[in-house]
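Okay, so here's the structure we're looking at.
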Amino acid sequence: MRLLEYEAKTILRNYSIPTPDALVITKRFTPEISLPVVLKSQVPVGGRGKAGGVVKVESPSEVTSTIDRIFTLDIKGYKPTAILAEQTIDIKRELYIAILINLETATIQLMAHTNGGVEVETQTGFKVWTVETGRASANQTGEQLAEYYELPDQTFALQDLVENLYKCFVGCDATLLEINPLVLTDDNKLLSADCKMELDDMAAFRHPEWKFEKTPVNTSFVELDNNGNVATIANGAGLAMATVDAVAAAGMVPANFLDIGGGANTDSILLAFNKIVAFPNIQVIVINIFAGITRCDEVAKAIIAARQKIKDLPPLCIRLAGTNFEEAASLLSSENISTLATLDDCITKAKELIYE
Amino acid sequence: MNSNIFTAKNVIVQGITGTHGSFHTASMRAAGTYIVGGTSPGKAGLLVDGVPVYDSIVQIQKDIRIDISVIFVPAPRAKDAIIEAITAKIPLVVCITEGIPIHDMISIKHLINKSSTVLIGPNCPGILLPGNNKIGIIPAQMGLPGSVGIVSRSGTLTYEAAAELTARGIGQKYIIGIGGDRIRGASFVDCLELFQNDPDVTSIILIGEIGGSSEHAAATYIKDCVTKPVYAYVAGHSAPIGVQLGHAGAILGGEDESAACKTKALGSAGATTSDNLPGLIRSVS
């Protein structure tokens with residue numbers, strides 16, 4: 001889950017990581033703002049500045065009109081529900097710092113660059129340190145960071161920053177925490193001018209305080225082609241991908257990826273059917289279930305319910321195998337619904353239904 | 001990894017009283033796995049499918065040597081359960097649980113690297129040695145004793161590959177699901193090494209996915225060290241960039257994480273590849 005800038009900066013402040021003074025403007029509430037101020041559209045994408053979503057306001061007469069304009073400005077498909085009103089800062093240098101997970105080594109790493117403020121993707125030559133818990137690791141990395149940035153008089157501040165970034169990263173179950181730019185102000189203070197933060201959805205169970213604007217993305221249902229002619233329902237991300245691959249390899253057009261998940265029940269599967277029939281050109285639904293934790297009889301009950309509840313349900317090519325297959329087969333056969341032995345058979349049948 | 005850790009007998013189930021734990025304890029026992037006990041804090045003295053329940057691993061170890069633990073403990077307590085098994089020096093730990101936070105896996109990897117325990121998973125279906133041992137949730141009837149080694153990141157594709165081979169009368173020595181999470185215990189390379197060094201294994205099936213770089217590491221290992229025939233399929237040829245498909249590991253970050261790029265790497269390393277699983281299985285002889 002990716003946080004908005006103001007949400008991320010609130011977290012930074014809780015971990016004593018310095019940020020510019022700021023207030024949040026919503027459509028219902030505009031706080032008292034002292035000028036000059038930078039108004040920043042709170043959308044979960046980069047490139048806000050170029051799109052006109054970050055505006056410096058100096059005159060009182062421009063405040064209301066600028067706020068109205070930012071609220072209606074569409075940036076890469078997003079319109080903000082909040083605007084961050086931030087104190088302007090006098091920038092001496094712009095640096096880059098991020099903390100992230102190296103998946104290959106299963107370690108937490110600090111990445112830095114002397115050239116901040118620009119798009120990271122265009123940069124090369126990052127300096128990388130592995131960081132660990134405790135003051136010793138932070139002190140050592142902070143000292144080397146000060147040397148790398150050529151800011152020896154900021155050594156203590158950078159040591160604190162490294163320690164607090166690490167505490168914040170681990171304490172918040174973050175998967176990415178990027179400060180770009182990290183600004184050195186004219187009066188020699190380090191401030192996090194912008195922040196990108198991603199949290200691990202899996203850890204939500206231990207963070208009752210997570211009440212963010214953006215709802216988690218649905219990863220189990222993904223549209224691939226709205227005009228596709230074959231819909232797919234499978235369990236497990238791998239089997240769902242393999243089902244899509246087999247449809248495509250046979251020359252048909254897969255409309256969606258759908259993983260009904262390990263603990264799928266009749267209701268959740270029925271919901272999936274409803275999503276699929278919303279696509280305009282579906283000619284066949286391929287259902288490919290290989291049950292381990294999932295139980296085939298639950299899937300069978302959902303198929304029977306879908307046939308009863310959804311009018312004009314496209315023809316089904318069903319393959320069920322694994323846990324409780326026998327119970328499922330007897331449920332389906334009592335409703336005169338036939339099943340096929342393999343994914344290969346489902347693909348062959350689907351082609352017959354569409355092209356013959 | 002040594003073959004002996006998979007054929008060892010005394011198995012326990014952590015989280016034995018839960019829905020999945022009790023269901024799969026019965027199914028493992030029906031397949032012939034020798035389950036000597038299970039844990040569920042506060043529920044010592046109960047029986048699950050005739051298997052005694054203990055509060056902790058230490059209690060079981062007072063009387064019984066434990067070779068293998070299978071973990072069904074829900075995600076919020078899975079980290080503690082894995083650490084308990086590592087601390088108890090259990091040689092093989094198979095974690096079925098899905099949804100374990102990535103920071104928990106970082107802590108666990110640090111402990112694993114310093115221990116002698118082999119961890120398979122998490123978020124995996126476990127291991128089936130057809131005719132020998134079922135450690136996890138792979139339906140036993142899918143296997144047929146034989147000489148193929150299967151390794152897969154995806155649980156359901158593990159079943160799929162095994163069942164298709166069985167239907168064709170091609171038996172398997174190992175069916176291993178290593179799990180779909182971004183940080184996991186044993187890798188493709190660990191399993192390839194096991195298969196290469198086991199004289200009973202005559203051919204290898206590797207099933208990868210989009211996301212991460214473990215298929216590239218596998219390709220390098222195949223090129224350098226594997227002399228047996230390898231058949232490989234990477235799932236997710238139609239995946240859009242930057243969209244997570246199902247579990248956390250299946251996200252296409254960059255071009256080198258794509259199914260096409262990984263398939264090419266595996267092919268260049270000498271593996272027989274296909275862009276769909278039925279096609280791959282047909283090519284196995």
Checklist entry - What is the sum of charges around residue A:248, taking Lys and Arg as +1, Asp and Glu as -1, for the other residues whose C-beta is under 15 Å from the C-beta of residue A:248? => result -4
Item to check | Estimated Rh, segment B:133-226: Kirkwood, alpha-carbon pairs, angstrom | outcome: 13.4 Å
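Evaluate E = 1/(1 + (r/R0)^6) for residue B:30 and residue A:13, where r is the Cβ-Cβ distance and R0 equals 56 Å; express this FRET efficiency to the nearest 0.05.
So, using R0 = 56 Å, E works out to roughly 0.50.
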Item to check | Inter-label distance for residue A:278 and residue A:170, nm, one decimal - labels placed 7 Å from Cα along Cα-to-Cβ | outcome: 4.2 nm
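Evaluate Rg over Rh across chain B, taking Cα atoms for both radii and Kirkwood's formula for Rh.
On the Cα set of chain B, Rg over Rh gives 0.97.
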Item to check | For chain A, accessible area per residue (1.4 Å probe, heavy atoms of protein chains only), Å² | outcome: 45 Å²
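As a test of the formula, what do you get for chain B when each DSSP H run with n ≥ 4 contributes -39,500 (n - 2.57) and the sum is divided by the residue count, at 222 nm and rounded to the nearest 500 deg cm²/dmol?
-10000 deg cm²/dmol
Against the globular-protein guess of 2.2 N^0.38 Å, express the Cα radius of gyration of segment A:79-188 as a ratio, rounded to two decimals.
1.11
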Checklist entry - Quick one: putting +1 on the C-beta of Lys and Arg, -1 on the C-beta of Asp and Glu, what dipole do you get for segment A:90-200 around its Cα centre, in Debye to the nearest 20? => result 160 debye
Checklist entry - How much of residue A:210 can a 1.4 Å solvent probe reach, expressed as accessible area in Å² and rounded to 10? => result 40 Å²
Checklist entry - When the convex hull of the C-alpha atoms of segment A:1-156 is computed, what volume per residue in Å³ does it have? => result 151 Å³
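If you add up the charges near residue A:220, with Lys and Arg at +1 and Asp and Glu at -1, over every other residue whose beta carbon is less than 13 angstrom from its beta carbon, what do you get?
-3
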Checklist entry - Averaged across the residues of B:119-130, what count of C-beta atoms belonging to other chains lies within 10 Å of each residue's C-beta? => result 1
Item to check | Accessible area (Å², 1.4 Å probe, nearest 10) - residue A:86 | outcome: 10 Å²
Checklist entry - residue A:58 versus residue B:114, label points 7 Å from Cα toward the beta carbon: distance in nm? => result 5.8 nm
Next on the checklist: Residues of segment B:153-180 that become at least 20 Å² less accessible with every protein chain present than in their own chain isolated, using 1.4 Å: which are they?
Outcome noted: B:156, B:157, B:159, B:160, B:164
Item to check | Peptide A:198-206, shielding by other chains (average Cβ, 10 Å cutoff) | outcome: 5
Next on the checklist: If I take the Cα coordinates of the protein assembly as shown and project them onto the principal axes, what are the three extents in Å, biggest first?
Outcome noted: 78, 63, 52
Item to check | Rounded tilt (10° steps) of B:102-113 against the dominant C-alpha axis of chain B | outcome: 80 degrees
Item to check | √(5λ) per eigenvalue of the Cα gyration tensor, segment A:159-251, largest first, Å | outcome: 42, 17, 12
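Taking every pair of Cα atoms in chain A, average 1/r, invert it to obtain the Kirkwood radius, and report Rg/Rh to two decimals.
1.10
So if I average 1/r over every pair of distinct C-alpha atoms in segment B:60-201 and take the inverse, what Kirkwood radius in Å does that give?
15.4 Å
Accessible area per residue for segment B:61-115 in Å², computed with a 1.4 Å probe and the full protein assembly in place, what is it?
Accessible area per residue, segment B:61-115: 42 Å².
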Checklist entry - With charges only on Cβ, +1 for K and R and -1 for D and E, what is the dipole size of segment A:183-288 about its Cα centre, in debye, rounded to 20? => result 280 debye
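Rg over Rh of segment B:100-181, using C-alpha atoms and the Kirkwood radius, what does it come to?
Here Rg/Rh amounts to 1.06.
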Checklist entry - For the protein assembly as shown, which cysteines have no disulfide-compatible partner, meaning no other cysteine Cβ under 4.7 Å? => result A:168, A:172, A:195, A:296, B:95, B:124, B:191, B:225, B:261
Item to check | Size of segment B:1-132 as Cα extents on the principal axes (Å, biggest first) | outcome: 36, 34, 28
Checklist entry - Shape of segment B:1-65 from its Cα gyration tensor (a ≥ b ≥ c, root eigenvalues): rounded if a/c is under 1.5, otherwise prolate when a/b > b/c, or oblate? => result oblate
Checklist entry - How high is the FRET efficiency between residue A:153 and residue A:124 when r is their beta carbon distance and R₀ equals 30 Å, given to the nearest 0.05? => result 0.60
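With the full set of protein chains in place, find how many percent of the accessible area of the protein assembly as shown is carbon and sulfur; take the probe as 1.4 Å.
Numbers: 13020 of 25890 Å².
Ligands and nucleic acids excluded, carbon and sulfur reach 50 percent.
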Checklist entry - Between B:156, B:117, B:25, which gets the highest mean-square fluctuation from a Gaussian network model of chain B, Cα cutoff 10 Å? => result B:156
Checklist entry - Pulled fully out, how much extra length does the chain show between residue A:212 and residue A:188, if you take 0.36 nm times their separation in residues and subtract their Cα-Cα distance? => result 5.3 nm
Checklist entry - Leaving out ligands, DNA and RNA but keeping every protein chain, what accessible area does residue B:110 have, in Å² rounded to the nearest 10, with a 1.4 Å probe? => result 80 Å²
Checklist outcome for this item: Rounded to the nearest 10 degrees, the helix A:266-276 long axis (Cα) sits at an angle to the longest Cα principal axis of chain A of 80 degrees
Checklist entry - So how far apart, in nm, are the two label points at residue A:305 and residue B:56 if each is 7 Å from Cα heading toward Cβ? => result 4.3 nm
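The values are calculated or read from the model by the stated rules, or taken from the named source; none is laboratory data. No experiment lies behind these values; they were computed from the predicted model shown. Neighbour counts are summed over all protein chains in view; Cβ atoms, including those assigned to glycine, are modelled from backbone coordinates with ideal geometry. We work out accessible area using only protein heavy atoms, side chains counted, and drop any ligands, DNA or RNA first. Shrake-Rupley method; radii C 1.70, N 1.55, O 1.52, S 1.80 Å.
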